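The structure appears below as structure tokens.
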Amino acid sequence: MTSHDSIDSPPQSAERTVADFPILRLKRQEERRVAAGHLWVFSNEVDTVATPLTGFAAGTVVAVRSDRDKFLGYAYVNPNSLIAARILGREAGFAPGPSLLVHRLRVAIALRQKLYALPYYRLVHGESDALPGLVVDRYGEVLVVQISTAGMEAQKGAIVAALEKVVKPEVIVFKNDSGSRELEGLPKYIEAAKGEIPERVTVLENGLRFTAPLATGQKTGWFYDQAGNRRQFLPLIKGAARVLDVFSYVGAWAVPAARDGAEVTCIDSSAGALEAAALNATANGVAIQTVKADAFEAMESLHAAREKFDVVIIDPPAFIKRRKDAPKGEAAYKRLNQLAMQLLPRDGLLISCSCSYHLETGALLDAIQKGGRHLGRFVQVIGTGGQAPDHPIHPAIPETRYLKSFLCRVTHE
Ligand code: SAH
């Protein structure tokens with residue numbers, strides 16, 4: 001880690017000053033959310049008569065000002081997005097540029113180095129690290145970067161330079177293939193900015209060594225957001241004879257459960273994910289069973305075959321990506337939890353997760369409760385979890401708090 005001075009007092013930029021930036025003017029009283037700490041400016045808050053959004057190329061850095069000319073912060077603009085601008089910094093004397101990026105990265109890595117003994121973590125979590133639109137996951141000497149906005153894409157060269165300066169990794173890969181890029185008018189691609197694109201990334205977690213496919217894998221390759229829940233809940237399921245890991249991906253829950261002595265079955269719809277899970281098991285000296293199928297159908301079949309598991313883990317992809325999908329999504333969560341509980345013996349454990357921001361914590365509990373009631377089961381929540389601390393929550397941006405997780409004991413009434 002570099003000196004803490006760089007955190008307490010950001011280096012003053014010798015770069016552009018506030019007068020060098022075009023102004024993005026907000027309508028009267030529309031500065032309230034940004035002034036309260038949020039980083040987003042919505043298009044309907046912009047005074048488009050004074051500063052037409054169409055006058056800005058996507059990615060332009062602007063000085064955001066209120067109708068009374070109060071400086072609110074620097075931001076990058078995308079005239080084609082509902083989120084018209086995202087704040088990059090609020091100090092007029094520290095304009096966005098290479099040194100601001102280096103500063104942000106130093107602040108971000110200082111947190112992770114305090115939290116983690118080993119270099120396997122999410123290094124940058126977008127808005128929560130004051131770097132909207134940027135995600136960086138660290139796999140030892142390999143950094144996998146995901147950019148989701150035109151504004152960050154415009155900073156790509158400076159991002160690579162800043163990562164070089166602060167982290168000095170052997171490999172930097174841009175895995176810019178997320179669906180959200182289309183909304184920002186960005187192409188999808190995967191490329192190496194330093195070194196070569198590795199086929200697989202390596203992760204050390206829970207005393208085990210995992211690999212996950214990079215180009216064909218999910219997200220950046222690994223779900224670091226669940227690491228805290230695994231650390232918290234895995235010791236509590238020790239001693240289980242049979243464990244079912246539904247939506248297993250590459251076996252981050254399954255392999256440690258097998259190491260702890262359980263007979264483990266993984267269900268996933270992706271053949272590649274299950275191959276990687278089986279490899280991870282073998283590499284760690286254990287065996288797991290895999291079932292390539294739709295999770296709902298596979299659990300129905302297991303129930304029809306009267307199979308029982310002492311522990312069922314359900315960690316599905318986000319069923320609710322947009323608010324309008326909430327009713328359908330809530331029904332899916334309820335059905336899923338019910339199917340999982342059907343597979344438990346008289347006294348079993350359910351680990352139930354949701355990464356849908358639009359499903360509130362109470363709604364997941366409700367899905368668990370309703371699923372249990374439908375089967376006449378008595379549910380006791382004995383553990384709660386959320387996203388790991390390398391995925392900080394920005395208190396002004398509710399969207400940054402998305403993962404919830406419950407450990408439940410389920411008995412017959
Ligand atoms: N539990 C994993 C992360 C799960 S990601 C971990 O902790 O690392 C979600 C997984 O669900 C992906 O591997 C995806 O392939 C799988 N998936 C998505 N839809 C599915 C479905 N309908 N049935 C089974 N698996 C599905």
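The values are calculated or read from the model by the stated rules, or taken from the named source; none is laboratory data. Please read these numbers as outputs of a predicted model, since none were measured by experiment. Neighbour counts are summed over all protein chains in view; Cβ atoms, including those assigned to glycine, are modelled from backbone coordinates with ideal geometry. The area values use the complete protein model at the heavy-atom level, side chains included, leaving out ligands, DNA and RNA. Shrake-Rupley method; radii C 1.70, N 1.55, O 1.52, S 1.80 Å.
For the stretch 87-164 versus the stretch 196-250, the inter-centroid distance based on Cα atoms is 24 Å.
Starting from the Cα gyration tensor of the chain, take the square roots of the eigenvalues, sort them a ≥ b ≥ c, and report rounded, prolate or oblate (rounded when a/c is under 1.5, otherwise prolate if a/b is larger than b/c, else oblate). Spell out each step's value before the answer.
Numbers: a/c = 2.34, a/b = 1.68, b/c = 1.39.
Judged from the Cα gyration tensor, the chain comes out prolate (a/c at least 1.5, a/b above b/c).
Compared with the alpha-carbon gap, the fully stretched path from R33 to H412 is longer by 131.6 nm at 0.36 nm per residue. Could you work out how far helix 98-115 tilts from the main Cα principal axis of the chain, as a 0 to 90 degree angle to the nearest 10? That works out to roughly 30 degrees. Here's the picture: charge each Lys and Arg Cβ at +1 and each Asp and Glu Cβ at -1 in the stretch 18-89, and of A57, L39, L88 the one pushed furthest to the positive end of that dipole is L39. Among Y120, P198, I147, pick out the residue whose Cα is farthest towards the positive end of the charge dipole of the stretch 98-198, where Lys and Arg carry +1 and Asp and Glu carry -1 on C-beta, about the Cα centre. Looking along the dipole axis, the top candidate is Y120. Compared with the dominant Cα axis of the chain, that is its longest principal axis, helix 295-304 is turned about 10°. Here the sum of -39500 (n - 2.57) over DSSP H runs of 4 or more residues, divided by the residues of the chain, equals -8000 deg cm²/dmol at 222 nm, to the nearest 500. In a reduced charge model with +1 at each Lys and Arg Cβ and -1 at each Asp and Glu Cβ, the chain shows a dipole moment near 700 debye about its Cα centre.
Got a number for carbon plus sulfur as a percent of the chain's accessible area, 1.4 Å probe?
Values: 9410 of 17990 Å².
Carbon plus sulfur share of accessible area: 52 percent.
Give me the angle, in degrees from 0 to 90, between the Cα long axis of helix 156-166 and the longest principal axis of the Cα atoms of the chain, rounded to the nearest 10. Orientation of helix 156-166: about 70 degrees from the principal axis. With contacts taken as Cα pairs under 8 Å at a separation of at least 6 residues, the stretch 1-157 carries a relative contact order of 21 percent. In this structure the stretch 254-354 gives 45 Å² per residue of accessible area when probed at 1.4 Å with all protein chains present. Heavy-atom accessible surface of the stretch 1-158, averaged per residue, reaches 42 Å², computed with a 1.4 Å probe.
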